[in-house]
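Notes to accompany the following structure.
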Amino acid sequence: MTSNPQDRPRLAGRGRPLRVVPNDVTPGDVTALRAETQVAALGVTTWPPYGSAEWLTLSPDDPRCYVATLEAAELHRRAEAERQRLDWLMEHDPEAWWREITADANAHAATLGRSLAARRTAEEIRAAAARSQNRPPHQLRATPGWPPIAIPGQPGRYLVYGQENTA
């Protein structure tokens, strides 16, 4: 669980006792409804996260202690149900399983598409580096208005616009 209360999924606490189980619901749905009615029956609106320092300091008979524990159990039940659903999907429909587990990554990659396409690949970077190290020699030319150019490998010799000067 996260430390920020707004980030945690909360039990709603709908307020009415659960007397009749609605039709076409799963056992998990009934469990969630039961947890919400228990929270409502206790009249608790805020509670610390299960296992936090604040939760540990609560008295065992404090209803907030029970509600935090109930919330943790419900979150665990939901996570376990999701894991079992994905395991079943992996065994019975691997393509659907793969689509589902990679959906978030694909959506994120789609947002990065243009910037990634504009980047050079490692192979392109290596090729550019190799080309830069193997440039063909070029002819030195002096330009008007620029200072004289020292001729590499010939100390004291310079190219000056319009003439070659020896020092």
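The values are calculated or read from the model by the stated rules, or taken from the named source; none is laboratory data. Nothing here was measured: the structure is a model prediction, and the numbers come from that model. FYI the Cβ positions are ideal-geometry reconstructions off the backbone, even for glycines, and counts take in every protein chain you see. Surface areas here come from the heavy atoms of the whole protein model, side chains and all, with no ligands, DNA or RNA. Shrake-Rupley method; radii C 1.70, N 1.55, O 1.52, S 1.80 Å.
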- Among what's in region 72-98 and is among the small types (Gly, Ala, Ser) and surrounded by 11 or more Cβ atoms within 10 Å (Cβ to Cβ), pick the residue that is nearest to Ala32 (Cα to Cα). Ala73
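Only one residue in Thr69, Thr37 is at pLDDT 85 or above and open to solvent by 50 Å² or more (accessible area, probe 1.4 Å), so which one is that? Step through it out loud before you land on a result.
Details: Thr37 fails: open to solvent by 50 Å² or more (accessible area, probe 1.4 Å).
None of the other options fit; the residue is Thr69.
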- Message: When you check Glu95 against the structure, is it farther than 24 Å from Thr26 by Cβ, part of a helix (DSSP H, G or I) and within 24 Å of the chain's Cα centre (by Cα), yes or no?
- Response: yes
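Restricting attention to region 46-63, which residues are open to solvent by 80 Å² or more (accessible area, probe 1.4 Å) and either under 19 Å from Glu36 (Cα atoms) or assigned to a loop (DSSP other than H, G, I, E, B) (or both)? Give the steps one after another, and end with the answer.
Start the filter on region 46-63 by keeping residues that are open to solvent by 80 Å² or more (accessible area, probe 1.4 Å), which leaves 46, 50, 54, 56-57, 60-61.
Answer for region 46-63, where residues must be open to solvent by 80 Å² or more (accessible area, probe 1.4 Å) and either under 19 Å from Glu36 (Cα atoms) or assigned to a loop (DSSP other than H, G, I, E, B) (or both): Thr46, Tyr50, Thr57, Pro60, Asp61.
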